[in-house]
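Student: The structure's right below; bear with me while I get my questions together.
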Amino acid sequence: MTGWLSLTLGIPRPVVIAVLGVYAILVIATALVWWLQRCSGGGQGELAARVKSWWAMVTVFALAVFIYQPLSAVFLGLISYLALKEYFSMVPSRKIDRVVILAAYLSVPVQYWLAYKAEFGLFVVFIPVWIFLLLPTLMALQGETTGYLKSVGILSWGLMMTVFTLSHMAYLLFSGDAANAVAGGAGLLFFLVFITQFNDVAQFTWGKLFGRHKISPSVSPKKTWEGFLGGVATSIVLAALIGPLLTPMDAMWSAFAGGLISVSGFLGDITESAVKRDVGVKDAGALIPGHGGILDRIDSLTYAAPIFTHFFRYYFYP
Amino acid sequence: MTRLLRWMFFAGPVKLLVLLIMGVNIRGRGNLPRSGPAILVANHNSHLDTLTLISLLPLKTLPLVRPVAALDYFLKNRLLAWFALNIIGILPIDRSGGANPLANSKTALAAGSMLILFPEGSRGEPEKLAEFKRGVALLVKDNPTVPVIPVFMHGLGKALPKGTKLFVPFVCDIYVGEPVPWRDDTRLFMTDLRAAVDGLAAQGDFPPWD
């Protein structure tokens, strides 16, 4: 059946099997939550909402990303757009910068078009060089200097974190076929996103079960060394198991990539927590029940996506 | 025919604009009325206010939903007037000082409509709450059993403020309160209503915008 699905949908067979594997995990998680709810007499509402949202996210992501390539670019671009919009809605801004904010939104389609074309040279400098230079100039030309530097910082950081970093997912998908005979760009993207998201859940779970020693109480009070290290270990093992099936990496390289993704995911999470603390919000939005906003769900990917992509590209691209 | 056009307008482009391109965070969604008659009272920052409020109500009640607005503003050209009356479905108030400017609102309530009212009158300065006008109290006085639901919106004045045509997407925060009961006195009722909207506004902690 997986062979038939792979042929009909035009997706590499290992990715079809991997997505089915994710659904198997969801079935187990749903059963587990149902059992926990029965034991606790109707508690665990937030956990149940989270698992329910996972079903929706996995389905939307799998349908939109792995089936029809131009649609994948639009979908991944939409994730950046929604994240950027959440960001602009929670940070301080100046009325005079409305037009610059609009220009920042317009960089999303361009960046994802470059990722779609796998134009690495332009893709990798468009936001960090061209937009980085253009927007502050636009702002200066508006003529208002009060709060100028602060606004430039807020705008540039937001664009890098929500558009530049996340667009690496699209670049990996569209450029990866040449570097991955095993399962193509789709296999690479699946590996990155699955390990990152599973690592989030693993760090959360290890922390809940054994968390004692806080890593950074003032930024993210729930993060503990036990959760972090448990997550890293889990991700290394998981990556060593699935890496060879989805990527050209052997078990050793996959394990290293798993550790790298796990640590970078943690750093992305901490970084976004610091921003949310600074502006005084708990969640960046309310788009995904049980999870918060889209930024809350993908904060780990803002670090994991570029770090994994550049690591992989350096060692494995032809 | 215009009813179908209106339905298509709100089911398609408006939903896309409000829910995806902008996005809303709603607190107190359960306080929204599910049927008429009812009066939604909201602060007014932007032309998007009306579209956003309408898109929060169930589509099947769309024929009942009537935003109350001054006709003279929209009568500037014929196309705009047609659009305001038939697609947005406004219930025009006559600001020229005729007999009773809210006479048709009263009739509409009696017929089970869901009215949308902006007691600040005009959109004013973005994201600043102006003085409330008393018209709404006069309307409730004649229909004291109709639920009056206070709503506070933040963000639309950033997305499309008065005096510009440049739309910039921002997420809109919406707070819906419990119905404000009639108090047998216009002034007391207006104080309650204003306090309800202020209370909703105080729930939010909005980033600086200046």
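The values are calculated or read from the model by the stated rules, or taken from the named source; none is laboratory data. The structure presented is a predicted model; accordingly, all values stated were derived computationally and were not measured. So basically every Cβ, Gly included, is an ideal-geometry build from the backbone, and we count neighbours across all protein chains shown.
Student: Can you tell which of A:A233, A:A181, A:A239 is in contact (Cβ under 8 Å) with a residue 40 or more places away in the chain and under 24 Å from A:R50 (Cα atoms)?
Tutor: On the way: A:A233 fails: in contact (Cβ under 8 Å) with a residue 40 or more places away in the chain; A:A181 fails: under 24 Å from A:R50 (Cα atoms).
Only one candidate passes the filter, namely A:A239.
Student: Please tell me if A:G259 is touching a residue at least 24 places away in the same chain (Cβ under 8 Å), more than 14 Å from every other protein chain (Cβ to nearest Cβ) and under 19 Å from the mean Cα position of the chain (by Cα). Outline the logic, then answer.
Tutor: Details: touching a residue at least 24 places away in the same chain (Cβ under 8 Å): yes; more than 14 Å from every other protein chain (Cβ to nearest Cβ): yes; under 19 Å from the mean Cα position of the chain (by Cα): yes.
It is true that A:G259 is touching a residue at least 24 places away in the same chain (Cβ under 8 Å), more than 14 Å from every other protein chain (Cβ to nearest Cβ) and under 19 Å from the mean Cα position of the chain (by Cα).
Student: Of these, B:K158, B:K141, which one is charged (D, E, K, R) and within 12 Å of chain A (Cβ to nearest Cβ)? Outline the logic, then answer.
Tutor: Values: B:K141 fails: within 12 Å of chain A (Cβ to nearest Cβ).
Matching residue, one of B:K158, B:K141: B:K158.
Student: Residues of region B:163-210 being closer than 18 Å to B:E120 by Cβ, away from every other protein chain (no Cβ under 14 Å) and of a type outside the set (A, V, I, L, M, F, W, C), which ones?
Tutor: The answer is B:G177, B:T186, B:R187, B:T191, B:D192, B:R194, B:D198, B:G199.
Student: Let me ask something else about it. Across region A:1-53, which residue is nearest to the chain's Cα centre (by Cα) among those that are farther than 27 Å from A:L287 by Cα and of a type in the set (S, T, N, Q)?
Tutor: A:S6
Student: Okay, next question. Being farther than 22 Å from A:L106 by Cβ and modelled with pLDDT of 90 or more is the filter here, so list the residues in region B:158-181 that pass it. It would help to see each step written out before you state the result.
Tutor: First pass over region B:158-181, keeping only residues farther than 22 Å from A:L106 by Cβ: B:162-163, B:173-181.
Of everything in region B:158-181, those that are farther than 22 Å from A:L106 by Cβ and modelled with pLDDT of 90 or more turn out to be B:D173, B:I174, B:Y175, B:V176, B:G177, B:E178, B:P179, B:V180, B:P181.
Student: Can you name every one of the helices (runs of 4 or more DSSP H) wholly within region B:8-97 that holds 1 or more residues which are without any contact (Cβ under 8 Å) to a residue 40 or more places away in the chain and farther than 20 Å from B:P126 by Cβ? Walk me through it before giving the result.
Tutor: Values: elements: B:48-56, B:71-74, B:78-82.
Per the criteria, B:71-74, B:78-82.
Student: Let me ask you something else. Got a sec? Which of B:G112, B:G98 is at pLDDT below 85 and more than 14 Å from chain A (Cβ to nearest Cβ)? Quick ask: steps written out before the conclusion?
Tutor: Numbers: B:G112 fails: at pLDDT below 85.
So the residue among B:G112, B:G98 that is at pLDDT below 85 and more than 14 Å from chain A (Cβ to nearest Cβ) is B:G98.
Student: Counting only residues that are in contact with a strand residue (DSSP E or B) (Cβ under 8 Å, 6 or more places away or on another chain) and surrounded by fewer than 21 Cβ atoms within 10 Å (Cβ to Cβ), give me the helices (runs of 4 or more DSSP H) lying completely in region A:1-110 with at least 2 of them.
Tutor: Details: elements: A:2-9, A:13-40, A:45-66, A:69-90.
So the answer is A:45-66.
Student: Looking only at region A:277-291, decide whether some residue is crowded, with 21+ Cβ neighbours inside 10 Å and assigned to a helix (DSSP H, G or I).
Tutor: No, because not a single residue in region A:277-291 is crowded, with 21+ Cβ neighbours inside 10 Å and assigned to a helix (DSSP H, G or I).
Student: Within region B:159-208, how many residues turn out to be touching a strand residue (DSSP E or B) at 6+ places or on another chain (Cβ under 6 Å), within 25 Å of A:S80 (Cβ to Cβ) and outside any loop (DSSP other than H, G, I, E, B)?
Tutor: 3
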